[in-house]
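The values are calculated or read from the model by the stated rules, or taken from the named source; none is laboratory data. Fair warning: this is a prediction, and the values are worked out from it, not measured in the lab. When we count neighbours, we look across all protein chains shown, and the Cβ atoms used for this are built from the backbone with ideal geometry, even at glycine.
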Amino acid sequence: EPEVTQTPSHQVTQMGQEVILRCVPISNHLYFYWYRQILGQKVEFLVSFYNNEISEKSEIFDDQFSVERPDGSNFTLKIRSTKLEDSAMYFCASSEASQGSAFFGQGTRLTVV
Amino acid sequence: KNEVEQSPQNLTAQEGEFITINCSYSVGISALHWLQQHPGGGIVSLFMLSSGKKKHGRLIATINIQEKHSSLHITASHPRDSAVYICAAFSPGRNQFYFGTGTSLTVIP
C-alpha cells in the first residue's frame, strides 16, 4: 500500500537553529500539506502546496516557515530560527486531487531546547 | 469557534463493549477522515468518507451529509484499540482539513 514517509521521526534542535523536516509524498500525488500538533492540543493546519506554490496557509505559517519541493519527490518544511514554542509533532499529507482523499505521514516530533 | 466538534473527549470502556465516537462539523466538506493516533504520536488514517457507511474489521464509520455528522463505531472493543481518535473534515473551498480535538479511548481488559 502506498504511504507518505517522513524523516526524521524525532529531531532535537537548539533554539535559534534552522531545521528542515522532510516528507516523501505518494508519487502521483499533486497536493501536499503540512500540519502540526503541539503536545496536548489539536492538529492545526499550516500550509497547502500545489503546482510548486503555496495555495493556502494559516496564521501560524509566518515568515520563519517555508516549504519547498526541491526535486520532484521530497516536500520539505523549513523553520528558519526555531523557538521553544515550535516544539510539536509535524505531519505531512499528500493527495491526488484536492478533494480530501489524503494520506498522512507518521509525523516528525520536533523538540526545541 | 471550532469547525469540527468531537464527543466524548475521553472514553473508558470494558473490553468487549460497543463504542461510539461522534463528530459534527459546520463547514462545507467533500470528505471526512477518521484518524487513529497512538501514544507515540503517529497518525493512521482509518477511513475516508464522503457519504454513507464504511466497514473495516471491527470498525464502522458513517456519515450523514444533511445533518453534518459522522460516527465511528468499534464493535467488540479490545485494549489494543486504546488510542486517540480524531475526526478531520476536508474543506475544498479552503483546501485544508479541519481537525477535531480528538477522543481519547481507553479499553480496560
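Could you tell me how many of the residues in the stretch B:87-109 are within 19 Å of B:ILE60 (Cα to Cα) and surrounded by fewer than 21 Cβ atoms within 10 Å (Cβ to Cβ)?
Of the stretch B:87-109, the ones within 19 Å of B:ILE60 (Cα to Cα) are B:87-89, B:100, B:102-107.
Within this subset, residues satisfying the condition of being surrounded by fewer than 21 Cβ atoms within 10 Å (Cβ to Cβ) are B:104, B:106-107.
Matching residues across the stretch B:87-109 total 3.
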Which of (1) part of a loop (DSSP other than H, G, I, E, B); (2) under 27 Å from A:TYR50 (Cβ atoms); (3) β-branched (Val, Ile, Thr) does B:VAL44 not meet, given it meets every other one?
-> (1)
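Given the structure, is B:ASN2 within 14 Å of chain A (Cβ to nearest Cβ), closer than 29 Å to A:ARG109 by Cα, loosely packed, with under 14 Cβ neighbours inside 10 Å and over 13 Å from the mean Cα position of the chain (by Cα)?
Details: within 14 Å of chain A (Cβ to nearest Cβ): yes; closer than 29 Å to A:ARG109 by Cα: yes; loosely packed, with under 14 Cβ neighbours inside 10 Å: yes; over 13 Å from the mean Cα position of the chain (by Cα): yes.
Yes, satisfied.
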What number goes with the only condition from (1) of a type outside the set (A, V, I, L, M); (2) touching a residue at least 12 places away in the same chain (Cβ under 8 Å); (3) within 21 Å of A:VAL43 (Cβ to Cβ) that B:GLY40 does not pass?
-> (2)
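Taking into account only those residues within the stretch B:68-93 that are in a loop (DSSP other than H, G, I, E, B) and in contact (Cβ under 8 Å) with a residue 40 or more places away in the chain, which is nearest to B:SER24 (Cα to Cα)? Lay out the reasoning, then the answer.
As a first pass, look at the stretch B:68-93 and keep what is in a loop (DSSP other than H, G, I, E, B): B:68, B:75-78, B:82, B:92-93.
Narrowing further to those that are in contact (Cβ under 8 Å) with a residue 40 or more places away in the chain: B:68, B:75-78, B:92-93.
Details: B:LYS68: 6, B:THR75: 21, B:ALA76: 24, B:SER77: 23, B:HIS78: 26, B:PRO92: 17, B:GLY93: 18 Å.
Among residues in the stretch B:68-93 that are in a loop (DSSP other than H, G, I, E, B) and in contact (Cβ under 8 Å) with a residue 40 or more places away in the chain, the one nearest to B:SER24 (Cα to Cα) is B:LYS68.
Condition first: small (Gly, Ala, Ser), facing chain A (nearest Cβ under 8 Å), assigned to a loop (DSSP other than H, G, I, E, B) and at negative phi. Now tell me which residues in the stretch B:26-41 satisfy that. Even if it seems obvious, please write down each step before you answer.
Our first condition is that a residue be small (Gly, Ala, Ser); within the stretch B:26-41, this holds for B:26, B:28, B:30-31, B:40-41.
Restricting the remaining residues to those that are facing chain A (nearest Cβ under 8 Å) gives B:30-31, B:41.
Filter once more, keeping what is assigned to a loop (DSSP other than H, G, I, E, B): B:30, B:41.
Residue satisfying the conditions is B:SER30 alone.
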Kindly check whether there is at least one residue in the stretch B:64-74 that is over 29 Å from A:GLU56 (Cα atoms) and surrounded by fewer than 18 Cβ atoms within 10 Å (Cβ to Cβ).
-> yes
Has the stretch B:94-106 got at least one residue that is in a strand (DSSP E or B), in contact with a helix residue (DSSP H, G or I) (Cβ under 7 Å, 6 or more places away or on another chain), touching a residue at least 12 places away in the same chain (Cβ under 8 Å) and not charged (D, E, K, R)?
-> yes
Within the stretch A:75-95, restricting attention to residues that are within 14 Å of chain B (Cβ to nearest Cβ) and not hydroxyl-bearing (Ser, Thr, Tyr), which residue is nearest to A:GLY16 (Cα to Cα)?
-> A:ALA88
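If only one of B:ALA83, B:ALA31, B:ALA61 is at pLDDT 90 or above, under 25 Å from A:GLN41 (Cβ atoms) and over 10 Å from the mean Cα position of the chain (by Cα), which one is it?
Details: B:ALA31 fails: at pLDDT 90 or above; B:ALA61 fails: over 10 Å from the mean Cα position of the chain (by Cα).
Exactly one residue qualifies, and that residue is B:ALA83.
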